[in-house]
Number of protein chains: 2
Amino acid sequence: MARQLDPQCSAFQTAIDVLGRPWNALILGTLQAGPARFGELARKCHGVGAKILSARLKDLESRGLVHREVQIGPPIRVTYSLTSRGQAFEEVAHAIERWGRELTAPPRARRRGGRAGKP
Amino acid sequence: MARQLDPQCSAFQTAIDVLGRPWNALILGTLQAGPARFGELARKCHGVGAKILSARLKDLESRGLVHREVQIGPPIRVTYSLTSRGQAFEEVAHAIERWGRELTAPPRARRRGGRAGKP
């Protein structure tokens, strides 16, 4: 890539501060599919307890990544969706997924160093 | 983007398991510039203590992302570099940096929802 990466720059650090916290990437990735209510999100993010999920959603809301909408009932409905900054995570999520596939693939063709062609 | 994201897939989870641990993304990002000795890395990753840095490097080595090379001395030199899987993090790092720039920019033009053109 042409541009030199600067992992010490504040932009990189800010993004990593979001991704470094447990479950944030999973929640942002899950919400890419569209708005969801709390129970729905909890089902999709299996492994995350309700208390933790609630805390993570508050964190993402305070960072301007998630929008929380309350519809007065009865029953009261709370829907979570991504803000435009949250939606912009999609590119990162796809890059993470591609890299993850590389990490989970058996080490066959070496992409650099060796002169092997594409498998 | 065309492909549907699946944040529950094992590839995504594996990558997030690496990135979710403190300092890993910073260390991988810093090593993109080229191999470095321990002291050099510690200087570049300011904020990370030597003990933590050492533990993180061991973790990254065990995941096949970082290569540790010992040159018998005196003095003994230990150099860290990225494996091909570690190098492949570059695409993710650039995506993270771009997203981070969006997160740190003042909220002006709304990219979605509104019909505003590019700034």
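The values are calculated or read from the model by the stated rules, or taken from the named source; none is laboratory data. None of the values given here were measured: they were computed from a predicted structure. Positions of Cβ are backbone-derived with ideal geometry, glycine not excepted, and every protein chain shown enters the neighbour counts.
Please find, within the stretch B:1-40, the residue that is farthest from the other protein chains (Cβ to nearest Cβ) out of those that are of a type in the set (Gly, Ala, Ser), closer than 23 Å to B:Arg68 by Cβ and surrounded by fewer than 18 Cβ atoms within 10 Å (Cβ to Cβ). Let's see the steps before the verdict.
As a first pass, look at the stretch B:1-40 and keep what is of a type in the set (Gly, Ala, Ser): B:2, B:10-11, B:15, B:20, B:25, B:29, B:33-34, B:36, B:39.
From the residues that got through so far, the ones that are closer than 23 Å to B:Arg68 by Cβ too are B:15, B:20, B:25, B:29, B:33-34, B:36, B:39.
Now restrict to residues that are surrounded by fewer than 18 Cβ atoms within 10 Å (Cβ to Cβ): B:33-34, B:39.
On the way: B:Ala33: 8, B:Gly34: 11, B:Gly39: 17 Å.
Restricting to residues being of a type in the set (Gly, Ala, Ser), closer than 23 Å to B:Arg68 by Cβ and surrounded by fewer than 18 Cβ atoms within 10 Å (Cβ to Cβ), the top hit is B:Gly39.
From the list A:Gly20, A:Gly47, A:Gly29, A:Gly39, which residue is more than 14 Å from the chain's Cα centre (by Cα) and closer than 19 Å to B:Arg21 by Cα? Give the derivation first.
Working: A:Gly20 fails: more than 14 Å from the chain's Cα centre (by Cα); A:Gly29 fails: more than 14 Å from the chain's Cα centre (by Cα); A:Gly39 fails: closer than 19 Å to B:Arg21 by Cα.
Being more than 14 Å from the chain's Cα centre (by Cα) and closer than 19 Å to B:Arg21 by Cα holds for just one of A:Gly20, A:Gly47, A:Gly29, A:Gly39, which is A:Gly47.
Residues A:Ala15, A:Ala36, A:Ala2, A:Ala105: which one is over 15 Å from B:Ala15 (Cβ atoms) and at pLDDT below 95? Write out each step before concluding.
Details: A:Ala15 fails: over 15 Å from B:Ala15 (Cβ atoms); A:Ala36 fails: at pLDDT below 95; A:Ala105 fails: over 15 Å from B:Ala15 (Cβ atoms).
Checking each option against the conditions leaves just A:Ala2.
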Note to self: If B:Gly64 meets every condition in (1) within 22 Å of A:Leu5 (Cα to Cα); (2) within 10 Å of chain A (Cβ to nearest Cβ); (3) surrounded by 14 or more Cβ atoms within 10 Å (Cβ to Cβ) apart from one, which number is that one?
What the structure shows: (3)
Check: Are there any pairs, at least 6 apart or on different chains, whose C-beta atoms fall under 6 Å, with the first in the stretch A:25-48 and within 20 Å of A:His94 (Cβ to Cβ) and the second assigned to a helix (DSSP H, G or I) and among the polar types (S, T, N, Q), and if so, which?
Finding: A:Lys44/A:Thr30; A:Cys45/A:Thr30
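Regarding the stretch A:49-56, can at least one residue be identified that is free of Cβ contacts under 8 Å to residues at least 60 places away in the same chain and either touching a strand residue (DSSP E or B) at 6+ places or on another chain (Cβ under 6 Å) or within 11 Å of chain B (Cβ to nearest Cβ) (or both)?
No, every residue in the stretch A:49-56 fails to be free of Cβ contacts under 8 Å to residues at least 60 places away in the same chain and either touching a strand residue (DSSP E or B) at 6+ places or on another chain (Cβ under 6 Å) or within 11 Å of chain B (Cβ to nearest Cβ) (or both).
Could you please give the count of residues in the stretch B:62-75 that are touching a residue at least 12 places away in the same chain (Cβ under 8 Å) and under 23 Å from B:Ala15 (Cα atoms)?
Initial filter on the stretch B:62-75 (touching a residue at least 12 places away in the same chain (Cβ under 8 Å)): B:63-69.
Those left that are additionally under 23 Å from B:Ala15 (Cα atoms): B:63-68.
Final tally of qualifying residues: 6.
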Check: Take the residues of the stretch B:76-87 that are out of contact with any strand residue (DSSP E or B) (no Cβ under 7 Å at 6 or more places or on another chain) and either modelled with pLDDT under 95 or farther than 22 Å from A:Gln13 by Cβ (or both): which is surrounded by the most Cβ atoms within 10 Å (Cβ to Cβ)?
Finding: B:Arg85
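Return yes when B:Gly73 is over 30 Å from A:Gly100 (Cα atoms) and either at pLDDT 90 or above or outside any helix (DSSP H, G or I) (or both) and no when it is not.
Values: over 30 Å from A:Gly100 (Cα atoms): yes; either at pLDDT 90 or above or outside any helix (DSSP H, G or I) (or both): yes.
Taking the combined requirement at face value, the residue satisfies it.
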